[in-house]
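The values are calculated or read from the model by the stated rules, or taken from the named source; none is laboratory data. Everything numeric in this text was worked out from a predicted model, so none of it was measured. Virtual Cβ from ideal backbone geometry, glycine too; neighbours counted across all protein chains shown.
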Amino acid sequence: MWLGGCVSACLANQGELDTGRRDVLLAHVPELRRHGARFGYPQACPEGFDSFRRLLSMAELIVHDLARGAWDEQRRR
């Protein structure tokens, strides 16, 4: 799954992401958040849903950190 790969790469590289993974997260995490909210809490596989929710939360934190870094960079100019 691309989401897990992006989060894993970010953790392995001390918070640094290559351009491709950064672009994937910035483009798709908001979309996943919208779709994830529609799922609710599936009774058939609560462990899978919890894992997805935690992974999405980590991706959201990374996206927030990327956005903050871009904002800080822009303010320095």
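Quick notes
- Filtered residues of the stretch 12-27 (kept if surrounded by fewer than 16 Cβ atoms within 10 Å (Cβ to Cβ) and free of Cβ contacts under 8 Å to residues at least 40 places away in the same chain): A12, N13, Q14, E16, D18, T19, G20, D23, A27
- Residues that are modelled with pLDDT of 90 or more and of a type outside the set (D, E) were ranked within the stretch 56-77; the one that is farthest from S8 (Cα to Cα) is H64.
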